[in-house]
Structures are given as C-alpha cells and as structure tokens.
Amino acid sequence: MTRIVVGNWKMHETSAQASVLARGIAAALADEPRSATVVLAPPFTALEAVRKSIHGTHLVLGAQTMHWADEGAFTGEISPPMLLELGVRYVILGHSERRRYCGEVDAEINRKVRAALGHGLVPIVAVGESEQERDAGITDERVTAQIRAAFEGVAATDLRNAVVAYEPVWAIGTGRNCDPQEADRVMGTIRASIPGLESTPFLYGGSVSPANFASYLARANCQGGLVGGASLDSASFAQLVHLAERGT
Ligand code: 13P
C-alpha cells in the first residue's frame, strides 16, 4: 500500500507564512520522485497560497474539516465544492480538536464522510481515545464505536477510498507518543471492526517525530502519519517523508 504523510498545520500559518513553509517543503523534497503521497493541510485561508506554492510538485492539498452540504445557510462553513475548486483532494474529518472544541459529534462526522466520498474527496477519518478512556480500559470500545459511526451507510467497496487516522487524544501535542506496538494493536482492532477496511490506509498521529516515525511504519497496520507539530518545520517534515519512502 502507498504510504501517506499528512501535515496538519492546524491554526498555524497565515497565507504569507504558509507560502514560505510550502515552498520550503517542496524544496526539501525536490530531490527525487515521490513514492509516498504527501498531503499539506493548511488553514482554509492559506489553501490558495499553498496551492500556488506546490503547483508542479508531487505535493497534494488537504483541508482540516468541511461542512457536508454543497451550499446553504451555514455561516462560517466551507463546502466540498469550495474545496474542490481550490484543488483540495484530502480532507481531515473528526479530528479530536474538532470534537472537543467545536462540538462535532459522530453523526455529523458521518454526514461529512459521506459527502466527501460522494464528491471524490478522500476523507481522513480521525479517531482516538482520551486519557480517561484509556485508563478506564475502554480504548477499543471507543475507537470502534467512532469508526463504525463515521462510516455508517458507506458501502464496503467505498472504504478503500478513505484513510483512517488513529490519534490517541493524550498523545497529541504532548510529546507522549503511543507505544508503536500498542498503536499497531489498536489500528488492527479498528481495521477488523468493519468489513472493507482491509485495504484502507491507516495513519498514526500523536507526537510523531523523525525520531519515532520509523517504529510506526515498521508495523503491519500503519501506512503513514498524520502529523501536527513536526509538519510545521520543512526539514523535519521532509525527514518524515523520507522515512515513509524508505523500504517501499
Ligand atoms: P502532533 O503531531 O503535534 O502531536 O499533532 C497530531 C495531530 O493532531 C495531527 O492531526
């Protein structure tokens, strides 16, 4: 399976800053043809600038969320056709920060996932347990419930057009990355929870760094990473891409 490295820039980089970062990443990765898929997901306001900066490279544009409707009275929201018009091909859905700070719930995430697939956008569906859920021993229950809800009503044959990201909430931005063997076990559990996920790429996310990424990539259930902090530095992000391309 092709490996995928996604840079989730979160609410970082103005349009001008994003151009500089995207050009820096493109320059750092200009040395060879890409065997991995490399996705940059800047804030909405920087999509156009990043699109221009990566034009003619192998880098691909992603978004951090979207609404499910094509258009309508949804103040502040962005629709799938709006993203497609800007050249976006991947969209992160159900990120724990959206769930936590923006009140996104499973049923909405499901509508978004179906809308993305319907428009030919690749949804990167993020699931993960909180620290309390892990301590309570309900990690597997939590992530399988999230994934089943996200893909409810999606045909098994469409699941190969999606990406799943396992991001334990307690590992995000904390420097406490999940033990790779445990991450692999949880990803295996998620993969087995719905028929059709066998050929879906799975990403690990949560304090991914050049020092730990290879140990996730070495696991059977991991095809790449969903990266926050380390994606904001062109040299470390390029290192992650090079690790993903090693041995493929
Ligand atoms: P960090 O890599 O900064 O932990 O963020 C992970 C994440 O939330 C990516 O979506």
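The values are calculated or read from the model by the stated rules, or taken from the named source; none is laboratory data. Every value quoted in this text rests on a predicted model; they were computed, and no experiment measured them. Note that we place each Cβ from the backbone using ideal geometry, even for glycine, and neighbour counts take in every protein chain shown. These accessible areas exclude ligands, DNA and RNA; they are computed on the full protein's heavy atoms, side chains included. Shrake-Rupley method; radii C 1.70, N 1.55, O 1.52, S 1.80 Å.
Volume per residue of the convex hull around the Cα atoms, evaluated for the stretch 64-121, comes out as 78 Å³.
Ordered from highest to lowest accessible area with the whole protein assembly present and a 1.4 Å probe, M11, M1 read as M11, M1. Note on the stretch 96-162: with neighbouring protein chains present and a 1.4 Å probe, carbon and sulfur make up 44 percent of its accessible heavy-atom surface.
For T75, the solvent-accessible surface with a 1.4 Å probe is about 140 Å², rounded to the nearest 10. The residues of the chain expose on average 43 square angstrom of accessible surface per residue, using a 1.4 Å probe on protein heavy atoms.
Among the GluC sites (Glu not before Pro) found in the stretch 145-248, those both in a DSSP coil and sparsely packed, with 15 or fewer other Cβ atoms within 10 Å of their Cβ, are E152. Annotation: average projected area of the chain is 12.2 square nanometres, based on the convex hull of Cα atoms across all directions. Computed in the context of the full set of protein chains, the accessible area of the stretch 195-248 at 1.4 Å probe radius has 54% of its extent on carbon or sulfur. If the Kirkwood radius is taken over C-alpha pairs of the stretch 1-112, then at 4 °C and 1.567 mPa s the Stokes-Einstein diffusion coefficient equals 87 µm²/s. Reducing the stretch 93-118 and the stretch 30-50 to their Cα centroids gives an inter-centroid distance of 22 Å. Short to long, the 10 Å bins of the Cα pair-distance histogram for the stretch 149-228 hold 20, 51, 25, 5 percent of all pairs. Rolled with a 1.4 Å probe across the full set of protein chains, the surface gives F213 an accessible area near 0 Å².
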